[in-house]
Amino acid sequence: MKNLEGMLQPGALKDKTIVITGGGTGLGKSMTKYFMQLGANCVITSRKLDVLEKTAKELEAETGGKCLAVACDVRLYHEVEAMVAKANETFGSVDALVNNAAGNFISPTERLSAGAFKAIIGIVLEGSINCTLALGKQWIAKKETNKAVLSIVTTYAWTGSAYVVPSATAKAGVLALTRSLAVEWAQYGIRMNAIAPGPFPTKGAWDRLVPGDFKERFDLIKRVPLRRAGEHQELANLAAYLVSDYSAYINGDVVTIDGGEWLQGAGEFSMFGDVTSDEWDIVEKMVRGAKSE
Ligand code: HXC
Ligand code: NAP
């Protein structure tokens, strides 16, 4: 299996500068590492400068590439503008944005305050809007083309999901933003795409979505037809492709990478996976013998 290897050819992202929000941890860090291995200059941004600086140093040593750490709360437009200015100052211009920063936790919705909703909608939806708008305005004003925005959503952006309602609401909005601007901004040479990952182990997500003994009580892997979680390199490969010139004709799409998870959840009879062959023999006899009224 080659799924743990980098997929694109060396230098595939050379001369590109990529901003990755939430790039200091989890999937953002894994994508950043691979972008740097492919020759990109990266700008990682989140609220915790110490985390960002540690990651930037580690990835520069590992890849020999360049990584700028900039503290920025994506909920605040003026901080986003300042972050973009720093990126331009350091690398000349920005070629791609990965809207990856997120906030999420499980909770029955009736237990949430308005502030809890606001926190998640602020990070996920307003944050993605702020970063997309700040960069998009600039690209359009400067008549710069061949730009890409990639947003990390989830499969419940279109199905919705109980117990993570603020996140589902926000991710649905990010998907609508992606599809809308894919049409409106194509004329300016800006492509908009999204990735919808299934379960990929990260501390940020796992501690908030399957805390304590929930990991044992609720088997996430059983929900996935391929019976495993995603590997970070698999997501990094897809993300690198979607920000690269190789995907120049892909615009307005959302690519699912979940081992078939959401379709298993959606299918009416998906629960029959555990039925044994002997049991199917008996079932077949019963079904063949069934008579209409
Ligand atoms: C109910 C909660 C809560 C909880 C916080 N709040 N945690 N309510 N249950 N567990 C409420 C607070 O009381 C407050 O409301 C409001 O939410 C904001 O909380 P703060 O702690 O002040 O917010 P902030 O410091 O901005 O932190 C944001 C955060 C935190 C989202 C709450 O968890 C965070 O920093 N997360 C970032 C990383 C993250 O979440 N990563 C996971 C992404 S995983 P009041 O009313 O008191 O103001 C993901 C996976 C999707 O998205 C798909 C999986 C398959
Ligand atoms: P993570 O490590 O917790 O990443 C979230 C990042 O967002 C953190 O680095 C965090 O940094 C940053 N962030 C939060 N609030 C911010 C703010 N206001 N401004 C700027 N940055 C902020 O979790 P992850 O699992 O890697 O998630 C990455 C992305 O994948 C998210 O979009 C998530 O929804 C998506 N996703 C993950 C999974 C999964 O299984 N892991 C599945 C589907 C989708 P600070 O705290 O320093 O700000």
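The table that follows gives values for the structure above.
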quantity: Solvent-accessible area, 1.4 Å probe, carbon plus sulfur percent, for the stretch 249-293; calculated: 57
quantity: Label-zone membership for the stretch 268-284, site ARG227, 7 angstrom Cα→C-beta point, backbone N under 16 Å; calculated: 271-278
quantity: Average accessible surface area per residue within the stretch 12-131, 1.4 Å rolling probe, Å²; calculated: 43
quantity: The stretch 89-193: GluC sites (Glu not before Pro) in DSSP loop, at most 16 other beta carbons within 10 Å; calculated: GLU144
quantity: Radius 10 Å from Cβ of GLY273, net charge of other residues (Lys, Arg +1; Asp, Glu -1); calculated: +1
quantity: Computed FRET value (nearest 0.05) for LYS2 with GLU293, which takes r as the C-beta separation and R₀ as 51 Å; calculated: 0.40
quantity: Of all accessible heavy-atom area on the stretch 13-110, the percent that carbon and sulfur account for (1.4 Å); calculated: 50
quantity: Cβ-derived FRET efficiency at R0 41 Å, LEU76 paired with LEU263, nearest 0.05; calculated: 0.60
quantity: Surface per residue (accessible, 1.4 Å probe) for the stretch 139-293, Å²; calculated: 58
quantity: GLN9-VAL283 pseudo-label distance in nm [points 7 Å out on the Cα-to-Cβ vector]; calculated: 4.8
quantity: Sparsely packed trypsin sites (Lys or Arg not before Pro) within the stretch 135-170, loop by DSSP, other Cβ within 10 Å at most 12; calculated: LYS142, LYS143
quantity: Whole-number Å³ per residue for the convex hull built on Cα positions in the chain; calculated: 181
quantity: Whichever lysines have a C-alpha closer than 21 Å to that of LYS215, once near sequence neighbours (fewer than 8 apart) are set aside; calculated: LYS203
quantity: Estimated FRET transfer efficiency (LYS137, ARG217; beta-carbon r; R0 45 Å; 0.05); calculated: 0.45
quantity: Highest to lowest packing among 16-24, 234-242, 148-156, 275-283, scored as the average C-beta count within 10 Å; calculated: 16-24, 148-156, 234-242, 275-283
quantity: MET192, MET271, MET1, reordered so the largest accessible area comes first (probe 1.4 Å); calculated: MET1, MET271, MET192
quantity: Gap separating the Cα centres of the stretch 216-261 and the stretch 8-31, nearest whole Å; calculated: 16
quantity: Evaluated at q = 0.25 Å⁻¹: base-10 log I(q)/I(0), Debye formula over Cα of the stretch 60-122; calculated: -1.14
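The values are calculated or read from the model by the stated rules, or taken from the named source; none is laboratory data. The model shown is predicted, which means the values in this text are computed figures rather than measured ones. All Cβ positions, glycine included, derive from the backbone under ideal geometry; neighbour counts span all protein chains shown. Each accessible area value is taken on the protein alone, full model and side chains, heavy atoms only, with ligands, DNA and RNA left out. Shrake-Rupley method; radii C 1.70, N 1.55, O 1.52, S 1.80 Å.
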